[in-house]
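Contents: one structure, followed by commentary.
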Amino acid sequence: MEKLLESYKTLAHLKSQVLFFIEVHKTYTENEVLLNQIKFKGHYADLPLARAISGSLLNYAIINSNSFFDEYNEEFTPTKHPEYKDRIIRLKKITKPVLNRLNKWTNFKEYRNSILAHSFRFKGQSIFDKDFKPFKFKAPHTNSEMILLANLMNIVMICIAQEFPELVENMSLTENILSKIDFEWNEVDINKEVETILDQINLINEQL
């Protein structure tokens, strides 16, 4: 049960991140006119702030929701938890409609892998290759699709809780990611760091 609980905690965290997108979406929609009064400078001057917030969080939500379903599909399996084989098989049958709907976004994972999380390569070919043919990804893109995606995740969590109520009972509401990691960080002198690097580059150029 311990390993299953670890996986459940992972799913809960990923789901909460995507649900946060929905809260932000709701808030910025209610305050869109006000937010768009705040203007970017320079290259992004014509970009509405509300759209920038929505677009950035949408991409982050797609990455996390991919991770959510990867975790569910790969960790909640009879093979990894044979002692709960019957319960997991039943759970998978119950949640099949969720996965069927998810699979309608046929490029869900490819969009995450090729565009959001990696180096703009689709099936090994750079999207900047002169021979690259524009590809239409079938993946969540609109706010309504993202809200549906978050609901699919929520349904999975509800189904897990119904089949494994002991997982919910053993969840700690105070446990979070930040309590598990730490950072070694320093305040840096940005201008000095950049100047030093440029000086090093100039020196190398002079020696070549």
Pro97: passes all of (1) free of Cβ contacts under 8 Å to residues at least 60 places away in the same chain; (2) over 19 Å from Asn73 (Cα atoms) but (2)
The condition of being over 26 Å from the mean Cα position of the chain (by Cα) and either within 21 Å of Ile62 (Cβ to Cβ) or not charged (D, E, K, R) (or both) holds, among Ile204, Ile147, Ile181, Ile160, only for Ile204
Note: among Glu184, Glu195, just one is at pLDDT 90 or above and over 19 Å from Ser65 (Cα atoms), namely Glu195
Of (1) hydrophobic (A, V, I, L, M, F, W, C); (2) surrounded by 14 or more Cβ atoms within 10 Å (Cβ to Cβ); (3) not in a loop (DSSP other than H, G, I, E, B), Val194 fails just (2)
Flagged pairs (Cβ under 6 angstrom, 6 or more apart or on separate chains; first in the stretch 126-145, more than 30 Å from Phe21 (Cα to Cα); second outside any loop (DSSP other than H, G, I, E, B)) are Phe132/Gln125
Within the stretch 115-143, of all residues that are surrounded by 12 or more Cβ atoms within 10 Å (Cβ to Cβ) and β-branched (Val, Ile, Thr), the one farthest from Trp105 (Cα to Cα) is Ile127
Looking across the stretch 12-34 at residues that are touching a Ser or Thr at 6+ places or on another chain (Cβ under 9 Å) and hydrophobic (A, V, I, L, M, F, W, C), the single one that is farthest from Glu75 (Cα to Cα) is Val24
Condition set within 10 Å of Leu57 (Cβ to Cβ) and aromatic (Phe, Trp, Tyr), scope the stretch 17-46, selection surrounded by the fewest Cβ atoms within 10 Å (Cβ to Cβ): answer is Phe20
Within the stretch 1-32, of all residues that are aromatic (Phe, Trp, Tyr) and in contact (Cβ under 8 Å) with a residue 40 or more places away in the chain, the one nearest to Leu167 (Cα to Cα) is Tyr8
Given the conditions (1) free of Cβ contacts under 8 Å to residues at least 40 places away in the same chain; (2) farther than 18 Å from Glu71 by Cβ; (3) surrounded by fewer than 15 Cβ atoms within 10 Å (Cβ to Cβ), every one holds for Asn103 apart from (2)
Within the stretch 63-82, restricting to residues that are among the β-branched types (Val, Ile, Thr) and farther than 19 Å from Ile177 by Cβ, the one that is surrounded by the fewest Cβ atoms within 10 Å (Cβ to Cβ) is Thr79
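The values are calculated or read from the model by the stated rules, or taken from the named source; none is laboratory data. Computed from a predicted model, the values in this text were never measured in an experiment. With ideal geometry, Cβ positions are generated from the backbone for all residues, glycine too; neighbour counts draw on all protein chains shown.
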